[in-house]
């Protein structure tokens with residue numbers, strides 16, 4: 001039934017693959033093995049999906065890799081249709097962009113709070129900890145705002161500052177941690193020690 005709705009069995013298999021693995025990148029031959037389709041039809045559908053914007057391509061080590069475009073406008077509704085899970089929670093979109101952010105080696109901790117976890121009264125929605133410039137953080141947050149379709153309040157701090165504030169139980173940090181929140185990344189397991 002879904003094949004006829006989307007016009008192509010290969011396209012449906014590709015959407016299923018990408019939307020259930022938003023954090024992964026695949027090269028063409030790997031995709032053909034995973035979805036068991038002919039290479040020409042896979043290439044044709046990938047070209048269509050890149051032109052629509054749901055998939056993006058990157059050339060790494062002379063190989064063309066394809067991955068889900070987390071900034072795609074209709075990512076969430078399509079993810080609901082193609083998900084292997086029965087019931088998607090609102091946090092699933094945050095998992096998509098958190099995995100993308102986790103690829104940045106300079107990010108140590110990401111905590112979502114406020115609007116991102118359903119707390120309308122929260123003062124902050126996102127805390128980014130690590131060696132990240134304000135400009136980089138701003139452009140990343142813009143992408144997240146596009147995915148979430150919501151303007152976010154965020155804060156960026158160095159790992160040393162965060163560690164110190166956590167150790168002295170700084171009110172700003174404690175308000176986040178004691179309120180409704182989700183730890184998306186904690187590379188040093190600093191929050192488990194608390």
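The values are calculated or read from the model by the stated rules, or taken from the named source; none is laboratory data. Since the model is a prediction, treat every value here as computed from it, not as a measurement. Note that each Cβ is placed from the backbone with ideal geometry, even for glycine, and that neighbours are counted across all protein chains shown.
Check off (1) surrounded by fewer than 14 Cβ atoms within 10 Å (Cβ to Cβ); (2) not in a helix (DSSP H, G or I) for residue 142 and give me the number that stays unchecked.
(2)
In the range 116-131, how many are modelled with pLDDT under 85 and either out of contact with any helix residue (DSSP H, G or I) (no Cβ under 7 Å at 6 or more places or on another chain) or over 19 Å from residue 185 (Cβ atoms) (or both)? Can you show your working first?
At the first step, the residues of the range 116-131 found to be modelled with pLDDT under 85 are 116-122.
Right, trim to either out of contact with any helix residue (DSSP H, G or I) (no Cβ under 7 Å at 6 or more places or on another chain) or over 19 Å from residue 185 (Cβ atoms) (or both) and you get 117-121.
Qualifying residue count, the range 116-131: 5.
On the given criteria, is residue 176 in contact with a strand residue (DSSP E or B) (Cβ under 6 Å, 6 or more places away or on another chain), part of a helix (DSSP H, G or I) and in contact (Cβ under 8 Å) with a residue 40 or more places away in the chain? Break it down into steps so the answer makes sense when it comes.
Values: in contact with a strand residue (DSSP E or B) (Cβ under 6 Å, 6 or more places away or on another chain): yes; part of a helix (DSSP H, G or I): yes; in contact (Cβ under 8 Å) with a residue 40 or more places away in the chain: yes.
Criteria met by residue 176.
Could you tell me whether residue 6 is surrounded by 13 or more Cβ atoms within 10 Å (Cβ to Cβ), at pLDDT below 90 and over 28 Å from residue 150 (Cα atoms)? Step through it out loud before you land on a result.
Working: surrounded by 13 or more Cβ atoms within 10 Å (Cβ to Cβ): yes; at pLDDT below 90: yes; over 28 Å from residue 150 (Cα atoms): yes.
Yes, satisfied.
Would you be able to tell me the number of residues in the range 105-143 that are in contact with a strand residue (DSSP E or B) (Cβ under 7 Å, 6 or more places away or on another chain) and under 22 Å from residue 73 (Cα atoms)? It would help to see each step written out before you state the result.
Taking the range 105-143 first, the residues in contact with a strand residue (DSSP E or B) (Cβ under 7 Å, 6 or more places away or on another chain) are 106-113, 116-117, 119, 122, 124-130, 132, 134, 137, 141.
From the residues that got through so far, the ones that are under 22 Å from residue 73 (Cα atoms) too are 112, 116-117, 125-126, 137, 141.
Of the residues in that region, 7 qualify.
Being within 22 Å of the chain's Cα centre (by Cα) and surrounded by fewer than 18 Cβ atoms within 10 Å (Cβ to Cβ) is true for just one of 118, 114, 122, 179. Which residue is that? Outline the logic, then answer.
Values: 114 fails: surrounded by fewer than 18 Cβ atoms within 10 Å (Cβ to Cβ); 122 fails: surrounded by fewer than 18 Cβ atoms within 10 Å (Cβ to Cβ); 179 fails: within 22 Å of the chain's Cα centre (by Cα).
Going through 118, 114, 122, 179 in turn, the sole match is 118.
Regarding the range 154-173, can at least one residue be identified that is within 21 Å of the chain's Cα centre (by Cα), within 16 Å of residue 122 (Cα to Cα) and surrounded by fewer than 17 Cβ atoms within 10 Å (Cβ to Cβ)?
In the first step, residues of the range 154-173 are kept if they are within 21 Å of the chain's Cα centre (by Cα); the result is 154-157.
Pick out the ones that are also within 16 Å of residue 122 (Cα to Cα) and you get 154-155.
Remaining after also requiring surrounded by fewer than 17 Cβ atoms within 10 Å (Cβ to Cβ): none.
No, because not a single residue in the range 154-173 is within 21 Å of the chain's Cα centre (by Cα), within 16 Å of residue 122 (Cα to Cα) and surrounded by fewer than 17 Cβ atoms within 10 Å (Cβ to Cβ).
Only one of 88, 34, 101, 64 is modelled with pLDDT under 75 and surrounded by fewer than 16 Cβ atoms within 10 Å (Cβ to Cβ). Can you tell me which? First the steps, then the outcome.
Values: 34 fails: modelled with pLDDT under 75; 101 fails: surrounded by fewer than 16 Cβ atoms within 10 Å (Cβ to Cβ); 64 fails: modelled with pLDDT under 75.
The unique qualifying residue is 88.
Among 42, 50, which is within 19 Å of the chain's Cα centre (by Cα) and modelled with pLDDT of 90 or more? If you could, list the steps in order and put the result at the bottom.
Numbers: 42 fails: within 19 Å of the chain's Cα centre (by Cα).
Result: 50 is the single residue among 42, 50 that is within 19 Å of the chain's Cα centre (by Cα) and modelled with pLDDT of 90 or more.
In contact with a helix residue (DSSP H, G or I) (Cβ under 8 Å, 6 or more places away or on another chain), closer than 30 Å to residue 53 by Cβ and without any contact (Cβ under 8 Å) to a residue 40 or more places away in the chain: which single residue out of 145, 151 fits that description?
Numbers: 145 fails: in contact with a helix residue (DSSP H, G or I) (Cβ under 8 Å, 6 or more places away or on another chain).
151 is the lone residue from the list that is in contact with a helix residue (DSSP H, G or I) (Cβ under 8 Å, 6 or more places away or on another chain), closer than 30 Å to residue 53 by Cβ and without any contact (Cβ under 8 Å) to a residue 40 or more places away in the chain.
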